[in-house]
Amino acid sequence: ARPYLIAALYEELDLPFMVVTGQPESARKLHEQLRVWCSPSAELHRLPELDFLPYDSSQLSAVSYQAVERLRALATLTLYEGSDKPPLIVTSALAIMSKTIPRRDFVAACHILKPGIAAEPLELLRRWQSLGYEVEDVVEVPGQMSKRGGIIDVFPPCSQLPVRIEFFGNQIESMRYFDPESQRSTSPVSSLIITPAKEFIPIANSSEVRAGSILDYLGGNALLVLN
């Protein structure tokens, strides 16, 4: 009855939820069970354990499925507003013990792009590179970006698909999702949120990184459940 009870409380209270299990495997199983009990509109995410040492500089550029899952969970907690469906995060004690990018730094790094706004392409690339995005010839996985003439492709971790941004001079003319396999553009995008592509971003002009707590992302109106 535990997954049903958690799903019912989440739907009834309409608050951000974080459920913490004792073991990573328990968190994975509970997440799968909640996918059955929660409504399709639920913002259900799993915040997995780090798959590398948090301050190992040789691993800071690594892109993994676990890293993307963590960033999507953090983005959902950060960008949640009262008018949206609140997030339901399933995690483990080991996962929340790991340090991450401070919430204030995550919030400061997030920015929104829309067609019609002024934006200098090279300046955007430099800014995104400081947030952990990697420059590639072809964008295929979250955390990558590329530039070809007046077109920039970028794949924010909080997005399900990469986005192709077309410029007319220093103005965004259009934005469209595209298939990372075929590289063909699909539906238009009216607004794109750029979030950090790495959890540990070096401080400007330094090899050091600032660290914060996962629990800081919950805010004052969230519910923490120890399972």
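Structure notes:
- Options Ser174, Ser159; residue that is of a type in the set (Ser, Thr, Tyr) and either assigned to a loop (DSSP other than H, G, I, E, B) or on the phi > 0 side of the Ramachandran plot (or both): Ser159
- Within segment 118-129, being in contact (Cβ under 8 Å) with a residue 40 or more places away in the chain and open to solvent by 60 Å² or more (accessible area, probe 1.4 Å) holds for Ala118, Glu120.
- Candidates Ala118, Ala95, filtered to the one that is of a type in the set (A, V, I, L, M, F, W, C), more than 14 Å from the chain's Cα centre (by Cα) and closer than 30 Å to Leu34 by Cα: Ala95
- For beta carbons closer than 8 Å, sequence separation of 6+ or different chains, a first residue in segment 63-78 that is in contact (Cβ under 8 Å) with a residue 24 or more places away in the chain and a second that is among the aromatic types (Phe, Trp, Tyr), the qualifying pairs are Leu74/Phe106; Leu74/Tyr217; Ala75/Phe106; Leu77/Tyr217; Thr78/Phe106; Thr78/Tyr217.
- Scan of segment 130-139 for residues that are under 14 Å from His111 (Cβ atoms) and open to solvent by 30 Å² or more (accessible area, probe 1.4 Å), ordered by number: Ser130
- Test for Val141: is it under 22 Å from Glu43 (Cα atoms) and either more than 16 Å from the chain's Cα centre (by Cα) or assigned to a helix (DSSP H, G or I) (or both): no
For (1) of a type in the set (Val, Ile, Thr); (2) surrounded by fewer than 17 Cβ atoms within 10 Å (Cβ to Cβ), each residue gets a yes or a no:
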site	(1), (2)
Ile89	yes, no
Ser92	no, no
Ala95	no, no
Val141	yes, yes
Gln144	no, no
Ile152	yes, no
Pro162	no, no
Gln171	no, yes
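- Arg72 surrounded by fewer than 16 Cβ atoms within 10 Å (Cβ to Cβ), among the basic types (Lys, Arg) and either part of a loop (DSSP other than H, G, I, E, B) or out of contact with any Asp or Glu (no Cβ under 7 Å at 6 or more places or on another chain) (or both): no
- Some residue of segment 187-201 being at pLDDT below 85 and either under 27 Å from Asp137 (Cβ atoms) or touching a strand residue (DSSP E or B) at 6+ places or on another chain (Cβ under 8 Å) (or both): yes
- Filtered by the rule that a residue be part of a helix (DSSP H, G or I), closer than 17 Å to Arg46 by Cα and open to solvent by less than 80 Å² (accessible area, probe 1.4 Å), segment 1-32 gives Pro3, Ile6, Ala7, Tyr10, Pro24, Ser26, Ala27, Leu30, His31.
The values are calculated or read from the model by the stated rules, or taken from the named source; none is laboratory data. Just so it is clear, the model here is predicted, and its values are computed rather than measured. So basically every Cβ, Gly included, is an ideal-geometry build from the backbone, and we count neighbours across all protein chains shown. Side chains included, ligands, DNA and RNA excluded: accessible areas come from the protein's heavy atoms. Shrake-Rupley method; radii C 1.70, N 1.55, O 1.52, S 1.80 Å.
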